[in-house]
1. I need the phi-derived Karplus couplings for the range 36-42: 6.51 cos²θ - 1.76 cosθ + 1.60, θ = phi - 60°, integer Hz, Gly and Pro marked x.
2. Taking a ≥ b ≥ c as the square roots of the Cα gyration tensor eigenvalues, with a/c under 1.5 meaning rounded and otherwise prolate when a/b beats b/c, else oblate, which class fits the chain?
3. Which value in nm describes the separation of the simple spin-label points at residue 24 and residue 8, placed 7 Å from the Cα toward the beta carbon?
4. Would you be so kind as to identify which of 39, 18, 53 lies farthest towards the positive end of the dipole of the chain, taking Lys and Arg as +1 and Asp and Glu as -1 on Cβ and the Cα centre as origin?
5. Would you mind working out the magnitude of the charge dipole of the chain relative to its Cα centre, with +1 at each Lys and Arg C-beta and -1 at each Asp and Glu C-beta, to the nearest 20 Debye?
Amino acid sequence: MRSLIPWAILLVAVALKVWRFTRLVRQHLPPKPADLEYVRASLERSWQRDQQQA
């Protein structure tokens, strides 16, 4: 039983590190578009800008 305490502490420490890392990654990711219409409109605007520049 005594030998399991350091392993439990290590497990908790690793879990906290992973949780903090994933929280930082999720904060820096761009928000996901809610639907296909948003993506379609974005692509259409991009295409129109490219056509105007050409």
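Since every read-out is calculated from the coordinates, none of them should be taken as a lab result. As the structure is a prediction and not an experimental result, all values here were calculated from the model. Cβ coordinates were reconstructed from backbone atoms using ideal geometry, including for glycine residues, and neighbour counts include every protein chain displayed.
1. With the stated coefficients, the range 36-42 comes to 5, 4, 4, 5, 4, 5, 5 Hz.
2. On the way: a/c = 8.18, a/b = 4.56, b/c = 1.79.
Here the chain falls in the prolate category.
3. 2.9 nm
4. The one lying farthest along the dipole's positive direction is 18.
5. On the way: 9 positive and 4 negative charges, 90 e Å.
For this selection, approximately 440 debye.
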